[in-house]
Amino acid sequence: MSKLCLSVSTALVAVLFPQAAFGADTFPSAEISNGLIQAKLRLPDPEKGSYRGTRFDWSGIVFSLEYQGHSYFGQWYERHDPLINDAITGPVQEFFTEAPGVGYSAATPGAPFVRLGVGVVQRPTERDASGRRPTRVVNPGKWTVDRGPNWIEFTHALAEAGGYEYVYTKRVTLAPRAPEMTISQRFRNTGTKVIEAQPYNHNFLMLDGQPSGPGFVVRFRFAPRAVAPLKDLVEIRGKEIHYLRELKAGESVLTLLEGFGRSSKDYDILVENRNTGAGVRVVGDHPLAKVQFWSIRTTLCPEPFIKLRVEPGKTARWSSSYRFLASRAGSREIGK
């Protein structure tokens, strides 16, 4: 076991985009394996990390995962810059809030607010309703990383955050003798104010680097209904999303999906590429609060949201599992 502490004082090869986009690729990284899966992850670092944006949680960034000759995550965007808010890979998480961050509404322009999993950031002086505009991190907190052969654990402790202090832990584990990865999370509110958010995994799937098109199928346990028009790009058939044609560069699909119930059983999503046999089944242990589907040519992303409300002194826990398929055998498990 090794341990790495990163304090505030320290300040994939993908088919569609070459890894050269990462430059010399000297970012802090780690590798874990269970003998079946080989996964590579980026480590959080306020000065040298591959991702220093303010949209996504800095922990658990999977930039490569391989199983039986198939690849599942990679660089889906063309140019890498650690400060670009979307320059990130894998089943990464955002703690979504209606405002751009915790405490944002009470913060005047230029004042600090909190991005969970990132730290204290400075509110832009200009109006930014989306919250996607890069902001300056003024207090990244303290990151600690522990790891073993088949697991890695990230802990983010944030102090001096205006009452929104917390200790957040994410553990990524590859199951012994099974093609499965579990992401277990624990969030303890050490501050004086209630913390509310809707954490979700963006997922950024890139199965064998194949372009989004008719080879892909996305299946849900429930029958989804699209809120936004799907144009001529995809259509819903029962419980499945099918592509009508291969997406071109610059084209995208974005819609919320309705139809799920109040049970955690509906947090069960399968994505498979029927041309190569690669697939991923994602199962969560909490009821869905919202589901969004987004896709461009280089990646497809079912995005499951859950609700998080943590009172001062309390702890919340949630987890999700990723079962990797190397052929269509087993893909019919969903819905049983």
In the set Leu12, Leu16, which member is of a type outside the set (D, E, K, R), touching a strand residue (DSSP E or B) at 6+ places or on another chain (Cβ under 6 Å), in a loop (DSSP other than H, G, I, E, B) and modelled with pLDDT under 95?
Leu12
Give region 65-104 a look and list any residue that's closer than 26 Å to Arg186 by Cβ and hydroxyl-bearing (Ser, Thr, Tyr), or say none.
Tyr72, Thr89, Thr97, Tyr104
Pairs returned, first residue in region 228-256 that is under 19 Å from Ile269 (Cα atoms) and in the same structural domain as Arg297 (by TED's automatic domain parsing), second residue that is among the charged types (D, E, K, R) and at pLDDT below 95, beta-carbon separation under 8 angstrom, 6 or more apart or interchain, are Val253/Lys231
Could you tell me which of the residues Arg147, Arg177, Arg188, Arg171 is assigned to a loop (DSSP other than H, G, I, E, B) and of a type in the set (D, E, K, R)?
Arg177
Taking region 252-272 and the residues there that are hydroxyl-bearing (Ser, Thr, Tyr) and in a strand (DSSP E or B), the one that is surrounded by the fewest Cβ atoms within 10 Å (Cβ to Cβ) would be Ser252
In region 74-113, residue nearest to Met181 (Cα to Cα) [restricted to those that are aromatic (Phe, Trp, Tyr) and more than 13 Å from the chain's Cα centre (by Cα)]
Trp76
Take residues that are at pLDDT 95 or above and crowded, with 22+ Cβ neighbours inside 10 Å and tell me which of the strands (runs of 3 or more DSSP E) falling wholly in region 273-336 contain 2 or more.
279-284, 290-296, 299-305, 315-325
Being modelled with pLDDT of 95 or more, touching a Lys or Arg at 6+ places or on another chain (Cβ under 8 Å) and basic (Lys, Arg) narrows it down to one of Arg245, Arg237, Arg186, so name that one.
Arg186
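The values are calculated or read from the model by the stated rules, or taken from the named source; none is laboratory data. As the structure is a prediction and not an experimental result, all values here were calculated from the model. Note: ideal-geometry Cβ built from the backbone for every residue, glycine included; neighbour counts use all protein chains shown.
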